[in-house]
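A quick write-up on the structure given underneath.
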Amino acid sequence: AAELAQHVIGLKQTLPAGVTLVWEKPFLVIGNEGAAQVRERSKSLVRWTQQLLLKDFFAEPPRTLQEVWILKDKPSYETYSRRLFKYDPQTPYGYYLSQRRALVMNIKPGYGTLTHELVHPFMHHAWEDAPGWLNEGLASLFERPAEREGHLVGKVNWRLPGLLEGLKADRVPSFKALTHLSSNEFYADPSGVHYAAARYLCYWLQEQGLLAKFVR
């Protein structure tokens, strides 16, 4: 409680007007939509994702306070990123700043980015040096989340066509090669094939009933 109070005091020195703060331990949800909408997203998305991640994949939540910035559109997402975080977004959807412990996203295209980015602080806490393929594969799996018999699952999404094209062009690394890439090698792929291959490896493990055991 003391850490939260101090954090909020510090935040209020730079917070733009019109934002709402909601505490969803350990996440401080900060949104510039209407107050009721911010509270609803905190409950139906942040709390729901956290509960299901803890049920199957992680033993405990992050121990440090995490900011979750849910921004209503592209202009506010880009403006806040540059003004508050001194960061030029590399994606129109969202990102996670591990040193700042902040998830920043544009909610306009949908909530898939939020559920994706929420995986990262859990993974960072559980395994700080987790390989990029697993970190991003699991996070990408939940870009299109669903609940199946009380468990979090990922559904087929927009990354599949790119993966199929890459397979036809022989541009997709084998699973052995993929899982031996360093994180730097994994991220050095502008085509998105590495992300897609990692996602659908996790998807296959999920459909075999092995993903939760493997991640733990």
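The values are calculated or read from the model by the stated rules, or taken from the named source; none is laboratory data. Quick caveat, the model's predicted, so the values are computed rather than measured. Quick reminder, even Gly has a Cβ in these numbers, built from the backbone with ideal geometry, and neighbours come from all protein chains shown. In case anyone asks, the SASA skips ligands and DNA or RNA and just uses the protein heavy atoms, side chains included. Shrake-Rupley method; radii C 1.70, N 1.55, O 1.52, S 1.80 Å.
Quick check on this structure: which one of Y111, Y95, Y87 is open to solvent by 10 Å² or more (accessible area, probe 1.4 Å), touching a residue at least 40 places away in the same chain (Cβ under 8 Å) and among the aromatic types (F, W, Y)?
Values: Y95 fails: touching a residue at least 40 places away in the same chain (Cβ under 8 Å); Y87 fails: touching a residue at least 40 places away in the same chain (Cβ under 8 Å).
Checking each option against the conditions leaves just Y111.
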ask   = Considering Y95, Y80, which residue is over 15 Å from the mean Cα position of the chain (by Cα) and within 17 Å of I30 (Cβ to Cβ)?
value = Y80
task = Select, from L52, L21, the only residue that is more than 21 Å from A146 (Cβ to Cβ) and modelled with pLDDT of 95 or more.
result = L21
query = Pick from the stretch 56-74 the residues that are over 30 Å from E149 (Cβ atoms) and touching a strand residue (DSSP E or B) at 6+ places or on another chain (Cβ under 9 Å): which of them is surrounded by the most Cβ atoms within 10 Å (Cβ to Cβ)?
reply = W69
ask   = So L53 fits all but one of (1) farther than 16 Å from L103 by Cα; (2) open to solvent by 80 Å² or more (accessible area, probe 1.4 Å); what number is the exception?
value = (2)
